[in-house]
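**Student:** Shown below is the structure under consideration.
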Amino acid sequence: MTTNTISKDQSLNGWINGFIGVLLFSGSLPATKLAVMDMDPIFVTIARAGIAGILALAVLLIYKEKRPIRKQIFPLLLVSVGCVIGFPLLSALALQYLTSAHSIVFLGMLPMATAIFGVLRGGECPHPVFWLFSIIGSLLVIGFAVSQGISASPVGDLLMLAAIILCGLGYAEGAQLSKTLGGWQVISWALVLSLPLMIPLFFIYFPDHIENVSFRGWFGLGYISLFSMFIGFIFWYKGLAQGGISTVGQLQLLQPFFGLALAAYLLHEPVSMGMLGVTVGVILCVAGTKKFAK
């Protein structure tokens, strides 16, 4: 088998794994919205990380995985800060001010954030035209937020923007580590590193009236703990490592489309023509970014 064929096979596997990851992530914001309707956003963030962390620790022990070496600890901490704590907490706080449908549109900015950190931290160097398509997609998202009256919810929009930046950093760091540590091992160790903080905070922020939490709240927490915080990352990091951070990262442009559909179905939130238009616009940008990613 030639090197070129292997490269094509890896690229295809990267897109497949990345697509599965995006599908699983698409339910994150609607599920988080379900959870924060009944529980404090800080507790939701702590609980999802704690539940996933205990699961990750069990898997690491079962498979007797070696501990990360010293030089891998700092990148793992960045993954933890960006994906385990930063994005979940800031997006949960934002959902107190925004509908999940509105917040999902911000995910159109995530591919560019990931690509930027792929260059800064991963040494990737996409073609200049790649950035043109990424910027167009991001401007569509920002333009939509402004057209919807950003002054009506500046806190929510700023929280989502900060969440996207931290998430992009976590994705890029995790993708780099996956090449040497393995996809599921990266998110597992990042979750385990957060446990010493999450376990005591879990009891501190535990709801006083847990009996008031509805089934929808538990369902939302269960989904983001199992799929958004653990299983989705296994596929996502593996896909980024196989196909390239900048290239496969553009699959995130599909996430708003799937997320809006789930928000409409599960939460009965209105999905305006503007939202659909922006979503279609950022999805079209994936063709250009894919072509010029390398």
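**Student:** Going toward the positive end of the dipole of region 158-294, with +1 on Lys and Arg Cβ and -1 on Asp and Glu Cβ, which of 265, 232, 242 do you reach last?
**Tutor:** 242
**Student:** How far apart, in nm, are two points set 7 Å out from the Cα along the Cα-to-Cβ line at residue 199 and at residue 155?
**Tutor:** Inter-label distance under the simple model: 3.4 nm.
**Student:** Rolling a 1.4 angstrom probe over the protein heavy atoms, how many square angstrom per residue are accessible across the chain?
**Tutor:** Working: 13240 Å² over 294 residues.
Ligands and nucleic acids excluded, the figure is 45 Å² per residue.
**Student:** In whole Hz, with x marking every Gly and Pro, tabulate ³J(HN,Hα) for region 250-267 from phi via Karplus 6.51 cos²θ - 1.76 cosθ + 1.60, θ = phi - 60°.
**Tutor:** 6, 4, 5, 5, 7, 4, x, 4, 5, x, 5, 5, 5, 4, 5, 6, 7, 9
**Student:** Pop out the ³J(HN,Hα) list for region 164-181 in order, Karplus 6.51 cos²θ - 1.76 cosθ + 1.60 with θ = phi - 60°, rounded to Hz; leave Gly and Pro as x.
**Tutor:** 5, 4, 5, 5, x, 4, x, 4, 5, 5, x, 5, 4, 5, 4, 5, 10, 9
**Student:** Another question, if that's okay. Starting from the Cα of residue 261, step 7 Å along the direction of its Cβ; do the same at residue 42; then give the gap between the two resulting points in nm.
**Tutor:** 3.8
**Student:** Normalising by the residue count of region 1-114, find the relative contact order in percent from Cα pairs under 8 Å and 6+ residues apart.
**Tutor:** On the way: 33 pairs, mean separation 48.2, N = 114.
Averaging sequence separation for qualifying contacts and normalising by length gives 42 percent for region 1-114.
**Student:** Need the list of aspartates and glutamates near residue 238 for cross-linking: C-alpha distance under 19 angstrom, and skip anything on the same chain fewer than eight residues off.
**Tutor:** Leaving aside aspartates and glutamates fewer than 8 places away in the same chain, those within reach of residue 238 are 9, 65, 124, 173.
**Student:** Once Lys and Arg get +1 and Asp and Glu get -1 on their Cβ, which of 217, 170, 90 lies farthest toward the positive end of the dipole of the chain?
**Tutor:** Of the listed residues, the answer is 170.
**Student:** Listed highest first by mean packing, meaning other Cβ atoms within 10 Å per residue, what order do 266-279, 204-217, 85-98 come in? List each step's numbers first, then the result.
**Tutor:** Values: 266-279: 15.5, 204-217: 11.7, 85-98: 22.8.
For the peptides 266-279, 204-217, 85-98, the packing ranking is 85-98, 266-279, 204-217.
**Student:** About the Cα centre of the chain, how large is the charge dipole given +1 on each Lys and Arg Cβ and -1 on each Asp and Glu Cβ? Please answer in debye to the nearest 20. Show your work: numbers first, answer last.
**Tutor:** Details: 15 positive and 10 negative charges, 210 e Å.
Using only the charged Cβ atoms, the result is roughly 1000 debye.
**Student:** Dipole of the chain (Lys/Arg Cβ +1, Asp/Glu Cβ -1, origin at the Cα centre): which of 34, 275, 50 lies farthest to the positive side?
**Tutor:** My answer, from the dipole projection, is 50.
**Student:** Ordered by packing density, taken as the mean number of other Cβ atoms within 10 Å over each peptide's residues, highest first, how do 9-15, 44-50 rank? Intermediate results must be reported in sequence, preceding the final value.
**Tutor:** On the way: 9-15: 15.1, 44-50: 26.7.
Descending mean neighbour count gives 44-50, 9-15.
**Student:** Give the distance, in whole Å, between the Cα centre of region 84-119 and the Cα centre of region 159-200.
**Tutor:** A separation of 15 Å, based on Cα centres.
**Student:** What relative contact order, as a whole-number percentage, does region 9-293 give when Cα pairs under 8 Å and 6 or more residues apart are counted?
**Tutor:** Numbers: 478 pairs, mean separation 121.0, N = 285.
Here the relative contact order equals 42 percent.
**Student:** Sticking with this structure for a sec: On the first, second and third principal axes, largest extent first, how far apart are the outermost C-alpha atoms of region 9-293 in Å?
**Tutor:** Between the extreme Cα coordinates on each principal axis of region 9-293 lie 48, 44, 27 Å.
**Student:** Leaving out ligands, DNA and RNA, what percent of the accessible area of region 1-120 is carbon and sulfur, probe 1.4 Å?
**Tutor:** Details: 3550 of 5310 Å².
C and S fraction of accessible area: 67 percent.
**Student:** What full-extension length gain, to one decimal in nm, is calculated for residue 9 and residue 215 as 0.36 nm per residue of separation minus the Cα-Cα distance? Write down the numbers at each step before the final one.
**Tutor:** Numbers: separation 206, 0.36 × 206 = 74.16 nm, distance 4.28 nm.
Between residue 9 and residue 215, full extension yields an extra 69.9 nm.
**Student:** Please give the calculated 222 nm ellipticity per residue for the chain, where each DSSP H segment of at least 4 residues contributes -39500 (n - 2.57) and the sum is spread over every residue; nearest 500 deg cm²/dmol?
**Tutor:** -24000 deg cm²/dmol, from helical runs alone.
**Student:** When you count, for each residue, the other Cβ atoms within 10 Å and take the mean per peptide, how do 111-121, 233-243 rank with the highest first? Could the numbers behind the result be given before it?
**Tutor:** Values: 111-121: 22.5, 233-243: 26.4.
Ranking, from highest mean packing down: 233-243, 111-121.
The values are calculated or read from the model by the stated rules, or taken from the named source; none is laboratory data. Just so it is clear, the structure is predicted and the values come from calculations on it, not from any experiment. Glycine also receives a Cβ, built like all others from the backbone with ideal geometry; neighbour counts cover every protein chain displayed. Remember, those area values only see protein heavy atoms, side chains included, never the ligands or the DNA or RNA. Shrake-Rupley method; radii C 1.70, N 1.55, O 1.52, S 1.80 Å.
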